[in-house]
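Enquirer: One structure, as structure tokens, below. Some questions next.
Throughout, read-outs are computed from the coordinates displayed, never taken from laboratory work. Values in this document were obtained by computation on a predicted structure and should not be read as measured data. A quick note on method: Cβ atoms are made from the backbone with ideal geometry, for glycine too, and the neighbour counts reach across all protein chains shown.
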Amino acid sequence: MTQEELLKKELPYEKFLSFGPEALTETELIAIILRTGTKNCSALELAQKILMKASGKSRGLNGLHHLSLQELMEIPGIGEVKAVKIKCMAEMAIRMAKQKAADALKFDTPETVADYYMEQMRHLEKEKIILLLLDNKLHLIEEYMISLGTVNASLLSTRDVFIQALRARAAKMILLHNHPSGDPQPSNEDITITQTMKKAGELMDIPLIDHIILGDGCFISLKKEELL
């Protein structure tokens, strides 16, 4: 038999042992996580049903981030244990991507900042604003969630921003937030907030050095766009 014929014939677990994880389809990877099916439905068939439901939320495996436990458990054959496994798998993917990006993270480079936070924030269904508080060498002192808004808007308080910046003795700041639509183009409100924070930062001697907006796999730096 050719390798292609063997790949088609073998069950996911055996296929993993013979050829490694890179030989598995997305359905087969999920089937191994599930481990078992039901009397009337194999693990592979359950995995296919999960991917089909996820595809209605986003493309491919990324849709798993948008499925709640309840939505997963609506699939016949998926109980709480299997649903929790799937959600844990999705969370591990986010943390692994964030850890990989952390090795090269420099807060004077918007590309690496965006990479670091992308998997954590690209799947959120509400706008979330994070304040990154930095020292003079642009090392992260801490991150602070300023606002968790609705799908359409996030409210940001200038007072809250500088209370946190002064408390942490920050030297510089970066604002970071996501657009649930997936399009990182700044709104008029985003630009106005950025200009307000820039002016306040100059007065407080804690400059805002960038405002990064994350979309779905893409981002915009307002500094690079000369909007800061």
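Enquirer: With each pseudo-label sitting 7 Å past Cα toward Cβ, what's the Leu11-Glu125 distance in nm, one decimal?
Expert: It works out to 3.6 nm between the two label points.
Enquirer: Is there a quick way to get the dipole size of region 109-186? I mean about its Cα centre, with the Cβ of Lys and Arg at +1 and of Asp and Glu at -1; what is the value in debye to the nearest 20?
Expert: Charge dipole of region 109-186: 360 debye, to the nearest 20.
Enquirer: Let me ask you something else. Report the one residue of Ile174, Cys218, His139 whose Cα lies farthest in the direction of the positive end of the charge dipole of region 132-228 (charges on C-beta: Lys and Arg +1, Asp and Glu -1; origin at the Cα centre).
Expert: So the residue furthest toward the plus end is His139.
Enquirer: Sticking with this structure for a sec: With each pseudo-label sitting 7 Å past Cα toward Cβ, what's the Glu226-Ile141 distance in nm, one decimal?
Expert: The modelled label-to-label distance comes out at 3.2 nm.
Enquirer: Between Arg35 and Lys87, what is the spin-label point distance in nm, taking each point 7 Å from the Cα along the Cα→C-beta axis?
Expert: 1.9
Enquirer: Return the FRET efficiency for the residue pair Asp108, Glu74: r is the Cβ-Cβ distance, R0 is 45 Å, and the value is rounded to the nearest 0.05. Walk me through the numbers before you get to the answer.
Expert: Working: r = 46 Å, r/R0 = 1.03.
With a Förster radius of 45 Å, E is 0.45.
Enquirer: With θ set to phi - 60° and the Karplus curve 6.51 cos²θ - 1.76 cosθ + 1.60, what are the ³J(HN,Hα) couplings of region 81-96 in order, to the nearest whole Hz, using x for Gly and Pro?
Expert: Karplus-based 3J(HN,Hα) across region 81-96 equals 4, 5, 5, 5, 4, 5, 5, 5, 4, 5, 5, 4, 4, 4, 5, 5 Hz.
Enquirer: Let me ask something additional. Could you tell me whether region 12-83 comes out rounded, prolate or oblate from its Cα gyration tensor? Rule is a ≥ b ≥ c as square roots of the eigenvalues, rounded for a/c under 1.5, then prolate if a/b exceeds b/c, otherwise oblate.
Expert: Numbers: a/c = 2.31, a/b = 1.34, b/c = 1.73.
Taking the square roots of the gyration eigenvalues as a ≥ b ≥ c, region 12-83 is oblate.
Enquirer: Pop out the Kirkwood hydrodynamic radius of the chain from its pairwise C-alpha distances, inverse of mean 1/r, in Å to one decimal.
Expert: Details: mean 1/r = 0.0504 Å⁻¹.
Evaluated over the chain, this radius sits at 19.8 Å.
Enquirer: Of all DSSP beta bridges located in region 168-228, what percent are antiparallel, nearest 5?
Expert: On the way: 3 of 9 bridges.
Within region 168-228, antiparallel bridges account for around 35 percent of the total.
Enquirer: Taking a 26 Å limit on the Cα-Cα distance, which of the listed pairs Lys49/Lys128; Lys87/Lys223; Lys87/Lys224; Lys137/Lys198 fall beyond it?
Expert: Over 26 Å Cα-Cα: Lys49/Lys128; Lys87/Lys223; Lys87/Lys224.
Enquirer: Counting only DSSP beta bridges with both residues in the chain, tell me the antiparallel percent, nearest 5. Could the numbers behind the result be given before it?
Expert: Numbers: 16 of 22 bridges.
Taking every DSSP beta bridge within the chain, about 75 percent pair in antiparallel fashion.
Enquirer: Now a separate question. Go ahead and collect, in residue order, the members of region 67-83 whose backbone nitrogen is under 13 Å from a label point 7 Å along the Cα-Cβ direction of Met52.
Expert: Under cut-off, by backbone N: 75-77.
Enquirer: For Ser147, list long-range residues whose amide hydrogen, built 1.01 Å from N in the peptide plane, is under 5 Å from its own amide hydrogen.
Expert: Ile129
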